[in-house]
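Okay, structure first, notes after.
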Amino acid sequence: MALWVYTINIFLAAFATALILIKRRFSYWKRREIPHDEPHFPGGNIDCSSNTSKSVQRNYNKFKTTGPFGGFFINLHRAVVLYDLDLIKDVLVKDFHNFPERGLFHNEKDDPLSANLFRLDETKWKQLRSQLSPSFSGIKMKDMFLTILSIGQKLVQALDDVIDVENSTVEMNEIIGRYVTDVNGNCVFGLDCNSLNDKNADFFRTIKSISGTKLHSKIVNSLISSFPKLAQKLRMRETHEDLNDFFIRIVRETIEYREKNSVKHNDFLSLMIELKNIDGGLSIEQMSGQTFAYFSAGFENSTAAIVVTLYELALNQDVQDKLRDEITNRMEKFRQKLSFDCMMEMRYLKKVVKESLRKHPVVPYLLRLAKNDYQTSHPKYVIPSQTLIIIPIEAIQNDPDVYPEPDHFDPERFRSEEIHQRNIAAWLPFGVGPRHCIGLRFAKMQIYVALILLISSYRFYTTCDCDRTANPLPVDGKKSSGQIYLRVERI
Ligand code: HEM
């Protein structure tokens, strides 16, 4: 047989085998009679035209009454979408030992930024989490308050300048993104990024441009996420080399400068440097991975949380007035001096932020990976080992059976009596259990400071008259990537 015929035959046989294997993989939930939508190659249950959060939401709405979970595929990876709040609580808290990982790609050797707390496997994660947790303690947060406050004051000034130029209609993601960059730069690295004074400041521009650049095509990314362990063995990487070099350079230069000049700073990097100097401490690459995780989580999530809250306050003027009254009252009590304690006394503010993260959780779903088979209380429903667990927080938090009239913005849903009546799994913007958001306190502090300063200086309105404020917001899982315009007036 000619060589080319032989090659074609082998190719066809390999192709047919791959098709059979994929078909068999995709029939998994059907064989077990678990409700699901038919998956298709290559996205599984994720539509090519849509995104994961929309597809998860559709699955939840269609199957939530059928049992404790439904079948799903993220690309080729078998997954379940959980519907039952008690089961969610068990997975995240009581039986966490069976779900300690998220099953995400990381490669410490070739892609050091990917080896961060968010992605690491159980053993490494456990050690790192206990080393890093003290830097997020209540006392450390109190120490950072004044730094955040001074950046918040620059935000007010920067908004003032923007209003003059842009005739009071302002795209909020841009300016809040600059505030969050400056807060993170200062509190993570002790760097004055200066994004609020200078739109084109190096740090903000570099992070924005590099993080927007995709390293691989959609199909390669989907293969990496479907087979993270294999991708690791093949020495693949997900992070752009420039981003890698940028973070490692900043961390290395900052450490060298501090060690040479005996500089002490009140930031997250300082605590990591202390760990570096003791046995079993962190390498430069490991520190870069963690600072990168803080930065990416902080930038996207905190920016979106502040912007969606301002958006809801613009739509709900009565809530905005009530919040402003509370701020004025507390400030009077504390003689016009905004302190950490003054901020912590603003109970309505906390309810407002909780309600806006209820309607718009900036992270639309949580992920876990089952270590071993897991029997739920329903005999037919077993979660097999190595299945991805999707916890659909955006869908749950907007489900009328969990929150009546979910589109209605009502901070009073978070009165303590109401909170106690609900399952803890009904509100999960920061997750829950041992792997919940480590930056929760820090994130809340930057959100509160921004809101207090902005609401006491400005009044926010929608711009419905010129159709630039979308209502409702699109469900896209990335609120900070859209453009949200508000009309802003000085008080
Ligand atoms: C409003 C802002 C934020 C929101 C809504 C948010 C939300 C989340 C969520 C939902 C998770 C996953 C929790 C789970 O799986 O149970 C998470 C994990 C994480 N977040 Fe945040 N986050 C925010 C800000 C931050 C900030 C500012 C930092 C860092 C300074 C941060 C660092 C992390 C890290 C490192 C993890 C992984 C924790 C682990 O696996 O141990 N987050 N965050």
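The values are calculated or read from the model by the stated rules, or taken from the named source; none is laboratory data. Computed from a predicted structure; not experimentally measured. Cβ coordinates were reconstructed from backbone atoms using ideal geometry, including for glycine residues, and neighbour counts include every protein chain displayed.
Can you find even one residue in region 401-412 that is within 29 Å of ILE139 (Cα to Cα), within 16 Å of the ligand (Cβ to nearest atom) and not aliphatic (A, V, I, L, M)? Within region 401-412, not a single residue is within 29 Å of ILE139 (Cα to Cα), within 16 Å of the ligand (Cβ to nearest atom) and not aliphatic (A, V, I, L, M). Tell me, which residue of region 413-425 that is within 16 Å of the ligand (Cβ to nearest atom) and not in a loop (DSSP other than H, G, I, E, B) is farthest from LEU87 (Cα to Cα)? It comes out as PHE414. Got at least one residue in region 35-42 being in contact with a Ser or Thr (Cβ under 7 Å, 6 or more places away or on another chain) and at pLDDT 95 or above? Yes, because at least one residue in region 35-42 is in contact with a Ser or Thr (Cβ under 7 Å, 6 or more places away or on another chain) and at pLDDT 95 or above.
Summed over region 163-176, residues that are in a helix (DSSP H, G or I) and either without any contact (Cβ under 8 Å) to a residue 60 or more places away in the chain or more than 19 Å from ALA450 (Cβ to Cβ) (or both) total 5.
Residues are listed down the side, and each one gets a yes or a no for (1) at pLDDT 90 or above; (2) part of a helix (DSSP H, G or I); (3) in contact with a Lys or Arg (Cβ under 6 Å, 6 or more places away or on another chain):
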site: ARG178; (1), (2), (3): yes, yes, no
site: CYS187; (1), (2), (3): yes, yes, no
site: ASP198; (1), (2), (3): no, no, no
site: LYS208; (1), (2), (3): no, yes, no
site: ASN221; (1), (2), (3): no, yes, no
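Would you check if LEU428 is at pLDDT 95 or above, in contact with a Pro (Cβ under 9 Å, 6 or more places away or on another chain), surrounded by 21 or more Cβ atoms within 10 Å (Cβ to Cβ) and part of a loop (DSSP other than H, G, I, E, B)? Yes.
For region 228-278, the tally of residues that are over 29 Å from LEU146 (Cβ atoms) and small (Gly, Ala, Ser) stands at 1.
The set of residues from region 8-44 being among the aromatic types (Phe, Trp, Tyr) and part of a helix (DSSP H, G or I) comprises PHE11, PHE15, PHE26, TYR28, TRP29. Filtered by the rule that a residue be in a helix (DSSP H, G or I), within 15 Å of the ligand (Cβ to nearest atom) and charged (D, E, K, R), region 317-371 gives LYS350, LYS354, GLU355, ARG358, LYS359. The residues of region 315-335 that are among the charged types (D, E, K, R), more than 17 Å from GLU489 (Cα to Cα) and in contact (Cβ under 8 Å) with a residue 12 or more places away in the chain, listed by number, are LYS322, GLU326, ARG330, LYS333.
For region 464-491, the tally of residues that are surrounded by 17 or more Cβ atoms within 10 Å (Cβ to Cβ) and either at pLDDT 80 or above or closer than 25 Å to ILE148 by Cβ (or both) stands at 7. Against the test of being touching a strand residue (DSSP E or B) at 6+ places or on another chain (Cβ under 9 Å) and at positive phi, the options ASN98, ASN75 yield a single qualifying residue, ASN75.
If I filter region 237-258 for residues that are in a loop (DSSP other than H, G, I, E, B), among the aliphatic types (A, V, I, L, M) and closer than 30 Å to LEU367 by Cβ, do I get at least one hit? Scanning region 237-258, I find no residue that is in a loop (DSSP other than H, G, I, E, B), among the aliphatic types (A, V, I, L, M) and closer than 30 Å to LEU367 by Cβ, so the answer is no. Answer with yes or no whether THR239 is exposed (fewer than 14 other Cβ atoms within 10 Å of the Cβ) and among the β-branched types (Val, Ile, Thr). No, not satisfied.
Being among the small types (Gly, Ala, Ser), more than 16 Å from the ligand (Cβ to nearest atom) and more than 24 Å from HIS106 (Cβ to Cβ), is that true of even one residue in region 250-263? Checking region 250-263: at least one residue is among the small types (Gly, Ala, Ser), more than 16 Å from the ligand (Cβ to nearest atom) and more than 24 Å from HIS106 (Cβ to Cβ). When LEU92, LEU120, LEU104, LEU128 are screened for being within 13 Å of the ligand (Cβ to nearest atom), surrounded by fewer than 19 Cβ atoms within 10 Å (Cβ to Cβ), under 21 Å from the mean Cα position of the chain (by Cα) and of a type in the set (A, V, I, L, M), only LEU104 passes. Restricting attention to region 278-303, the residues that are small (Gly, Ala, Ser) and not in a helix (DSSP H, G or I) add up to 3. GLU259 meets the stated requirement of being within 30 Å of GLY138 (Cα to Cα), surrounded by fewer than 17 Cβ atoms within 10 Å (Cβ to Cβ), charged (D, E, K, R) and at pLDDT below 90. Taking the criterion of being within 22 Å of ILE447 (Cβ to Cβ), of a type in the set (Gly, Ala, Ser) and surrounded by fewer than 14 Cβ atoms within 10 Å (Cβ to Cβ), would at least one residue in region 154-169 satisfy it? Within region 154-169, not a single residue is within 22 Å of ILE447 (Cβ to Cβ), of a type in the set (Gly, Ala, Ser) and surrounded by fewer than 14 Cβ atoms within 10 Å (Cβ to Cβ). Among the residues here, GLN127 qualifies as outside any loop (DSSP other than H, G, I, E, B) and under 27 Å from LEU234 (Cα atoms).
Say whether the condition of being at pLDDT below 95, more than 25 Å from the chain's Cα centre (by Cα) and within 22 Å of PHE69 (Cβ to Cβ) is met by at least one residue in region 379-393.
Yes: region 379-393 contains one or more residues that are at pLDDT below 95, more than 25 Å from the chain's Cα centre (by Cα) and within 22 Å of PHE69 (Cβ to Cβ).
Residues of region 150-192 that are at positive phi and either touching a Leu at 6+ places or on another chain (Cβ under 6 Å) or among the β-branched types (Val, Ile, Thr) (or both): none at all.
Residues in region 36-82 that are touching a residue at least 60 places away in the same chain (Cβ under 8 Å) and within 14 Å of GLU394 (Cα to Cα): 12 in all. Scanning region 281-294 for residues that are of a type outside the set (S, T, N, Q) and near the ligand (Cβ under 8 Å from one of its atoms) yields ALA293, TYR294.
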